[in-house]
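Following: one structure in C-alpha cells, then a few remarks.
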Amino acid sequence: MILVFEIGSTTTLVNAFSGLDTDRPVFVGGGQAPTSVAQGDVTIGLQQAITDLEKQTGIQGPYQSMLATSSAAGGLKMTVHGLVHDMTVKAAKEAALGAGANIKMITSGRMRQTDLIKVKEIDPNIILLAGGVDYGERETALHNAEMILSLGLSIPVIYAGNIENQAEIKLMFDQAGQADQLFIVENVYPSIDELNVLPTREVIQKVFEDHIIHAKGMEKIRDMIDSKIIPTPGSVMLATELLAEELGDVLTIDVGGATTDVHSVTEGSEEITRLQIAPEPISKRTVEGDLGLYINRENLLNLTNRSELMKKTGLSEAELAHLIEDYQAIPVSVNEKKLVYALTEVAAIVSTHRHSGGLKDLYYTGGKKSVAIGKDLTNIHTIIGTGGALTRLPKTKQILAAIPRSNPGNKLLPNEGVKVLIDHDYIMASLGVLSLTHKQGALSLLKQTLQMVGGDDVS
C-alpha cells in the first residue's frame with residue numbers, strides 16, 4: 001500500500017493505492033482533514049487525514065511507501081526578471097509556471113528602485129533572473145543581479161540567462177556572501193526562436209523541495225516520505241504530460257477556489273506553426289489568479305451579467321441575489337450547485353481563452369500578413385477536467401465541450417468534436433508524483449479515474 005499526501009493551504013488529502021507493480025493497480029480510497037498550519041504542525045492535519053482514510057477504507061499501516069505534494073501557505077511565490085518581455089521574460093515565466101510556481105511580479109529591462117520596493121513587499125520564495133540570448137546582451141542581467149543582491153534577501157536566486165554572464169554573476173554572489181543562494185542553469189532563451197525551459201523548471205522544483213517548505217512539521221513529513229515533495233500544480237503537469245504520451249495532445253483544466261490552472265501539452269498544428277512569430281513551449285501552464293470559485297467569485301460574477309446567470313441557472317433574480325449574498329465555499333443545495341456550475345463554466349472558458357493564442361493581421365508597406373501569437377491548441381485531441389468543481393459537480397463534461405464553441409473566430413482553441421474526460425476520483429495530482437516512481441501504475445490509474453478502456457471514454 002502506498003500513500004500520497006496532498007498538503008494544501010486549507011485541506012490535506014491522503015490517497016491510498018495498491019498493486020502499483022502489477023497490471024491491476026487499485027485506488028483504494030482517500031481521506032481528508034483541515035491543514036493544520038495554524039496549529040503549528042502540519043502533521044496534525046496529516047494524521048487526521050490518515051485516520052479518516054483508515055476509517056473509510058478499513059486499511060491499516062504500516063505502509064510500503066509514502067509520497068507528497070504541497071501547495072501549503074499559498075504555494076511557491078516567485079518574481080521573474082528578464083530583458084525583453086516577449087522573449088526571455090516569457091521563457092522564464094513558462095519555466096516557473098510549469099514547475100508549479102505562482103508568479104507575483106514580472107519585470108523586463110533594467111530594474112528600478114520602485115521594482116525593489118515591490119519585490120520586498122511580495123517577499124518571494126524564489127527569484128528567477130534571466131536575460132539575453134547566449135553571447136548576446138549582457139548588461140541588463142548583471143545590473144538586475146546587483147539590484148537583487150542589494151536587497152539582502154535570504155532566498156534562492158536562479159540565474160537562467162546569457163551563458164557569458166554565469167561566471168561574473170557567480171563572483172558577484174560570492175563577494176556578497178550569498179553564494180549558497182545562487183543556482184545557475186542553462187539559458188531559458190539561448191537563441192532567437194528557441195525555448196529551453198526544462199532545466200529551469202527542474203531546479204525550481206528542487207529549490208521548492210529543499211528550501212521552501214518550512215511550514216511547522218514539514219520536516220517530519222520529509223522524513224516520512226520516500227521521494228521529493230513537489231508543488232501540487234507541478235504534479236498535475238506531470239500527470240498531463242504522462243497522458244500526452246498515451247493520448248496525444250492534451251489540455252487539462254483545474255478550476256479551484258482561488259485560481260484556475262490550465263495545462264497543455266501540444267506542439268500545435270503545422271499550419272499554425274508556419275504563422276507563429278515567437279516560440280511556445282510544448283508543455284505550458286497558466287495560472288489565472290483572479291478566476292477562483294470562492295476567493296475570487298466576485299471576479300467571475302463580474303465577467304457575466306445577472307440576466308445571463310438567471311438564464312443559465314434557471315433561478316429568479318431574488319433567488320440568485322440570496323445565493324450570492326450567502327455564498328458557500330462548498331455548494332450543498334441544488335440552487336447553490338446551479339450557481340457554482342455557471343461560474344465554473346465562466347472560469348473554464350475564460351481561462352482557456354487566456355491560455356490560448358490567436359490569429360492577428362499585421363499591416364505593413366507591402367500589404368497585410370496573418371500571424372499567430374501565443375499557444376496553439378487547435379491540435380488538442382482531449383480535454384481533461386480536474387479540481388473540486390469539475391470532478392464533483394454533475395454534467396461538467398458539457399462545460400468543457402463548450403470551449404470550442406466559445407471561439408469568436410480568431411482564437412487558437414481546440415476544435416469541435418474534441419474528447420472530454422473527467423478525473424472522477426480527483427487523483428490527478430497524486431498520480432503525477434506517483435508517476436515518478438511507478439510510471440505504468442500511475443498511467444493505468446489515470447485511465448481508471450478518466451474511465452477509459454483502451455483509450456476510449458466509457459463514462
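Values quoted throughout were computed directly from the atomic coordinates according to the rules given, and no laboratory measurement underlies them. Predicted model only: the values in this text are computed from it and were never measured. Virtual Cβ from ideal backbone geometry, glycine too; neighbours counted across all protein chains shown.
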Q. Along the range 245-259, what does the Karplus equation 6.51 cos²θ - 1.76 cosθ + 1.60 (θ = phi - 60°) give for ³J(HN,Hα), rounded to whole Hz, x for Gly and Pro?
A. 5, 9, 9, x, 5, 10, 10, 10, 10, 10, 8, x, x, 10, 9
Q: Just need the relative contact order of the chain here, percent rounded to a whole number, with Cα pairs under 8 Å and 6+ apart.
A: 14
Q) Most exposed first by the Cβ proxy, i.e. fewest other Cβ within 10 Å, how do M111, M147 rank? A) M147, M111
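Give me the net charge of T378's neighbourhood, meaning all other residues with Cβ under 12 Å from the Cβ of T378; Lys, Arg count +1, Asp, Glu -1.
Residues near T378 contribute -4 overall.
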Q: Could you grab the relative contact order for the range 9-64? Cα pairs under 8 Å, six or more apart, rounded to a whole percent.
A: 33
Q.
Counting only Cα atoms, I'd like the Rg/Rh figure for the chain, Kirkwood definition for Rh.
A. 0.97
Q | Residue-by-residue Karplus 3J(HN,Hα) for the range 394-402, coefficients 6.51, -1.76, 1.60, Hz, glycine and proline x | A | x, 6, 6, 4, 5, 4, 6, 5, 7
(Q) Under a Cβ-only charge scheme (Lys and Arg +1, Asp and Glu -1), can you give me the dipole magnitude of the range 75-211 about the Cα centre, in debye to the nearest 20? (A) 480
Q | Set of lysines with alpha-carbon distance to K311 below 20 Å, sequence-local pairs under 8 removed | A | K337, K338, K395, K397
Q. Which peptide among 412-419, 77-84, 54-61, 372-379 comes first, and what is the full order, when sorted by highest mean count of other Cβ atoms within 10 Å?
A. 77-84, 372-379, 412-419, 54-61
Q. Rounded to the nearest 0.05, what FRET efficiency do I122 and T273 have when you use their Cβ-Cβ distance and R0 = 25 Å?
A. 0.10
Q. Around D123, what is the net charge, scoring Lys/Arg as +1 and Asp/Glu as -1 over all other residues with Cβ under 12 Å from its Cβ?
A. +3
Q) Considering only DSSP beta bridges with both partners in the chain, what is the antiparallel share in %, to the nearest 5? A) 50
**Q.** Residue-count net charge about I349 - beta-carbon cut-off 15 Å; Lys, Arg +1, Asp, Glu -1
**A.** -2
Q: Calculate, axis by axis, the spread of Cα positions in the range 75-211 along the three principal axes, and write the results as whole Å, longest axis first.
A: 34, 29, 26
Q.
Under 8 Å for C-alpha pairs, at least 6 residues apart: give me the relative contact order for the range 75-211, rounded to a whole percent.
A. 27
Q | Debye, to nearest 20: dipole size of the chain, +1 on Lys, Arg Cβ, -1 on Asp, Glu Cβ | A | 880
Q: Please list, in chain and number order, the residues 5+ apart from G357 or on another chain whose amide H is under 5 Å from its amide H, with Hs placed from the backbone.
A: K375, D376, L377, L412
**Q.** Nonlocal amide H pairs with F183, under 5 Å, H built at 1.01 Å
**A.** V157, I158, Y159
Q) Ratio of the range 5-153's C-alpha Rg to 2.2 N^0.38 Å, to two decimals? A) 1.45
Q. Could you give the semi-axes, largest first, of the ellipsoid that matches the range 2-73, computed as the square roots of 5 times the alpha carbon gyration tensor eigenvalues and rounded to whole Å?
A. 23, 12, 9
Q: Can you pull a Stokes-Einstein diffusion coefficient for the range 229-310 at 20 °C (1.002 mPa s), Rh from Kirkwood over Cα pairs, as a whole number of µm²/s?
A: 145
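What dipole magnitude, in Debye to the nearest 20, does the range 252-357 give about its Cα centre under +1 on Lys/Arg Cβ and -1 on Asp/Glu Cβ?
Once rounded to the nearest 20, the dipole reads 100 debye.
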